[in-house]
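Contents: one structure, followed by commentary.
The values are calculated or read from the model by the stated rules, or taken from the named source; none is laboratory data. Since this is a predicted model, take the numbers as computed values, not measurements. Using ideal geometry, Cβ is built from the backbone for each residue, glycine included, and neighbour counts are taken over all protein chains shown. For the accessible areas, the whole protein counts, side chains as well, though only heavy atoms, and no ligand, DNA or RNA atoms are used. Shrake-Rupley method; radii C 1.70, N 1.55, O 1.52, S 1.80 Å.
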Amino acid sequence: MKKWIYRIALAGALAVFAFSAYQLYKIYEGSKQVDDERDRLAELAQEEEGFVPDWTALKAQNPDIVAWVYVPGCDNISFPVVQGDDNDYYLDHTVMKEYNIRGAIFLDHEAAPDLSNENSIVYGHSVDQGGMFTSLDRFEDPSFFEQHPYFYVMTPSQNYKCPILAFGKTTEGSPFYMNYENHDTAAHAAEIEKAAMYYRAQDVSNKNLVTLSTCDLDYGFDSINRLTLVGILEPTDEHIVIE
């Protein structure tokens, strides 16, 4: 009897081990798929004088590609940005339209693809194993926020160096997600300041904002809690070097 109990316990332990190994393999494969796609698309850029996306080549890969976002200091946040017909498809499909629970980095489907709205929202997942927009949580550290004052957004018509206006631990529907129709960015910024964890006072008159949004893993995957990083869209001719 004891031998049978031992054998059953051993079989159970091996089954748990095999299942755990399989789950880890799936996580690894999902992460590798996203990273491989990103790296392959990044090759469609000139880098002799900075990172210059070949938009014709990128759109030949996927016409939904509308921009590229790069956040210095955040592990691997350098991604093409897609825009779908809704905000659901790219939650679980990569930029190359392959099913993957990590999804893609995507612009809100109602936003102007040239980022001409007062506030353009760009979404990306946070995941336990890192990748996508996960490392935006580094901005919770006040010294990191101070030492990293901008991020970049590149589009087919214009590149932007985005001074960071604010970082927030917030929820869906907060001022970070508003898009004022009267284009009063100063009033919008005042609302953001009230809701922000960290804020830099800057002149935003007649300027547009771009907000990077991801899940706040402190509250789990299914909560309405979000991390947001708001930048001011400032056109630039700077040679952008992705490190």
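Go through the stretch 95-130 and give me each residue that's open to solvent by less than 50 Å² (accessible area, probe 1.4 Å), touching a His at 6+ places or on another chain (Cβ under 8 Å), within 26 Å of residue 40 (Cα to Cα) and not hydrophobic (A, V, I, L, M, F, W, C).
100, 102, 103
Name the residues in the stretch 89-115 that are polar (S, T, N, Q) and more than 14 Å from the chain's Cα centre (by Cα), would you?
From the stretch 89-115, those polar (S, T, N, Q) are 94, 100; that's our starting set.
Correct list: 100 only.
Could you list, in sequence order, all residues of the stretch 135-154 that are part of a helix (DSSP H, G or I), open to solvent by 20 Å² or more (accessible area, probe 1.4 Å) and either free of Cβ contacts under 8 Å to residues at least 12 places away in the same chain or among the hydroxyl-bearing types (Ser, Thr, Tyr) (or both)? Break it down into steps so the answer makes sense when it comes.
Narrowing the stretch 135-154 to residues part of a helix (DSSP H, G or I): 135-140, 142-147.
Then drop every residue that is not open to solvent by 20 Å² or more (accessible area, probe 1.4 Å), which leaves 137-138, 140, 142-144, 146-147.
Answer for the stretch 135-154, where residues must be part of a helix (DSSP H, G or I), open to solvent by 20 Å² or more (accessible area, probe 1.4 Å) and either free of Cβ contacts under 8 Å to residues at least 12 places away in the same chain or among the hydroxyl-bearing types (Ser, Thr, Tyr) (or both): 143, 146.
Would you be able to tell me the number of residues in the stretch 58-90 that are open to solvent by less than 70 Å² (accessible area, probe 1.4 Å) and not in a loop (DSSP other than H, G, I, E, B)?
Our first condition is that a residue be open to solvent by less than 70 Å² (accessible area, probe 1.4 Å); within the stretch 58-90, this holds for 58, 62, 64-74, 77-84, 86-87, 90.
From what is left, the residues that are not in a loop (DSSP other than H, G, I, E, B) are 58, 65-70, 78-82, 90.
Summing the residues that are open to solvent by less than 70 Å² (accessible area, probe 1.4 Å) and not in a loop (DSSP other than H, G, I, E, B) in the stretch 58-90 gives 13.
If I go through the stretch 201-243 residue by residue, how many of them are touching a helix residue (DSSP H, G or I) at 6+ places or on another chain (Cβ under 9 Å), in a loop (DSSP other than H, G, I, E, B) and open to solvent by 30 Å² or more (accessible area, probe 1.4 Å)?
Number of matching residues: 8.
Could you grab me the full set of residues in the stretch 162-185 that are aromatic (Phe, Trp, Tyr) and out of contact with any helix residue (DSSP H, G or I) (no Cβ under 9 Å at 6 or more places or on another chain)? Spell out how you get there, then give the answer.
Step one: filter the stretch 162-185 for residues aromatic (Phe, Trp, Tyr), giving 167, 176-177, 180.
Residue satisfying the conditions is 177 alone.
Can you tell me which residue is least open to solvent (accessible area, probe 1.4 Å) among those in the stretch 158-200 that are among the aromatic types (Phe, Trp, Tyr) and either free of Cβ contacts under 8 Å to residues at least 12 places away in the same chain or assigned to a strand (DSSP E or B) (or both)?
My answer is 167.
What is the one condition in (1) open to solvent by 10 Å² or more (accessible area, probe 1.4 Å); (2) under 18 Å from the mean Cα position of the chain (by Cα); (3) closer than 22 Å to residue 233 by Cα; (4) not charged (D, E, K, R) that residue 55 does not satisfy?
Condition (2) is where residue 55 drops out.
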